[in-house]
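The values are calculated or read from the model by the stated rules, or taken from the named source; none is laboratory data. Computed from a prediction, not measured in an experiment: that's the story for all the values here. Glycine also receives a Cβ, built like all others from the backbone with ideal geometry; neighbour counts cover every protein chain displayed. We work out accessible area using only protein heavy atoms, side chains counted, and drop any ligands, DNA or RNA first. Shrake-Rupley method; radii C 1.70, N 1.55, O 1.52, S 1.80 Å.
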Amino acid sequence: MEMKNLEKAMDIYAKLVTGEEIKRGGANGSLYDDYYGNAEVYEIVGMMLKKLNLNLYEYKESLFLSAGEGNRIFGYTNEELKKSMGLRYNRELYLCYFIMYEILLSFYSDSASYQFKEYIKIEDVMEEVTKALSVFSKEIAVYDLNEENQESFQAVALLWDELPASTGENQEDIKASRASKASFVKLTFNFLVGENLFVEVSKRYYPTGRFQAIVEHYFEEYRGQIYESLSNMKSEEESLGE
């Protein structure tokens, strides 16, 4: 192993882990060329990331880093994520997860079907979440929030059903909080913006290259496991409606 190749591999890792962009022709374009043009650099970077349980994705000649499943150093535990987002209960966190997935489905339904949509708004997400959870809210009275089922779709549906659409604010004044459907979606979007997955412009949320790279590879690697669950839910909903 040549020391200069090790140094190049370390430079690539250091830039990515600190959130800097590595893109062909960009400020760190030489590192992009080193990664794909030098077999030893490519191998060293791959070995380092594997040991650290990190994933490297490419999208439009840019490299993006993401924590692997269960990564306790670079990822979030449920408790850490609740603290970061200002949530109190598991059911609130799982509602945010559900909102995130509905946001994802607004752009992708599987690895072969990217929906060419420039942006999404809070009200669009609210409509999709309500539609997806309606199969449970039809029988909401039979559910409670004991410890055994608080992480279930039923508990998420109950929480969503109990929330007002908004707290009276207009679209320009929606605040991130746990007070309404709109504020929960805003809270979720704030987290995604902070993770460089979306950019907010005039109350419109545009997906970044990082979002697109991670989502495309999610479907390829995990075969849409959560999507299959949601599809089963929606199929059940359609059957109940017949």
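Before moving on, here are some points about what is shown:
- Restricting region 129-151 to residues that are closer than 26 Å to VAL215 by Cα and open to solvent by 60 Å² or more (accessible area, probe 1.4 Å), the residue that is modelled with the lowest pLDDT: GLU151
- Qualifying residue in region 82-99 (condition: within 24 Å of SER166 (Cβ to Cβ) and β-branched (Val, Ile, Thr)): yes
- Candidates GLN154, GLN171 - the one that is surrounded by 14 or more Cβ atoms within 10 Å (Cβ to Cβ), at pLDDT below 85 and out of contact with any Cys (no Cβ under 7 Å at 6 or more places or on another chain): GLN154
- Scan of region 75-84 for residues that are open to solvent by 30 Å² or more (accessible area, probe 1.4 Å), farther than 17 Å from VAL193 by Cβ and touching a helix residue (DSSP H, G or I) at 6+ places or on another chain (Cβ under 8 Å), ordered by number: ASN78
- Across region 96-111, the number of residues qualifying as assigned to a helix (DSSP H, G or I) and either of a type in the set (Ser, Thr, Tyr) or open to solvent by 60 Å² or more (accessible area, probe 1.4 Å) (or both) comes to 2.
- Residue-level check: of (1) in a loop (DSSP other than H, G, I, E, B); (2) touching a helix residue (DSSP H, G or I) at 6+ places or on another chain (Cβ under 8 Å); (3) hydrophobic (A, V, I, L, M, F, W, C), ALA27 misses just (2).
- Of the residues LEU49, LEU87, LEU65, LEU93, the single one that is surrounded by 15 or more Cβ atoms within 10 Å (Cβ to Cβ) and modelled with pLDDT under 90 is LEU65.
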